[in-house]
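Just so it is clear, none of the values below were taken in a lab; they were calculated from the coordinates. Keep in mind that this is a model prediction, so the values were computed, not measured. Virtual Cβ from ideal backbone geometry, glycine too; neighbours counted across all protein chains shown.
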């Protein structure tokens with residue numbers, strides 16, 4: 001199962017977003033209980049810019065089929081541009097791709 005993600009974020013604030021994942025055959029929400037999950041972004045040269053995981057607390061399983069990813073502003077202070085992003089999970093000895101896509105970062109204008 002995979003989806004394509006196109007997303008945009010600014011570089012001056014925490015990036016907090018939720019994802020919902022449904023089984024492609026049944027449409028049921030996927031139960032991620034006990035899963036290791038990872039989402040990473042890299043620049044066009046293949047240099048990793050961040051990795052959010054369930055282990056480092058940047059990914060939280062909110063409920064069945066729903067995860068929340070939070071990337072702190074200090075990590076998001078990347079140069080403006082386009083980055084490759086993708087995610088996977090490991091559960092019961094299987095590793096399954098979740099999505100791949102593009103993340104566009106634009107310079108944010110700081111606001112309170």
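Looking across the range 54-90, the residues that are within 25 Å of residue 23 (Cβ to Cβ) and in contact (Cβ under 8 Å) with a residue 40 or more places away in the chain come down to 62, 65, 66, 67, 68, 69, 85, 86, 87, 88, 89, 90.
Yes/no matrix, rows are residues, columns are (1) in contact (Cβ under 8 Å) with a residue 60 or more places away in the chain; (2) surrounded by 12 or more Cβ atoms within 10 Å (Cβ to Cβ); (3) farther than 18 Å from residue 72 by Cβ:
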site: 13; (1), (2), (3): yes, yes, no
site: 25; (1), (2), (3): no, no, yes
site: 29; (1), (2), (3): no, yes, yes
site: 41; (1), (2), (3): yes, yes, no
site: 44; (1), (2), (3): no, no, yes
site: 49; (1), (2), (3): no, yes, no
site: 52; (1), (2), (3): no, yes, no
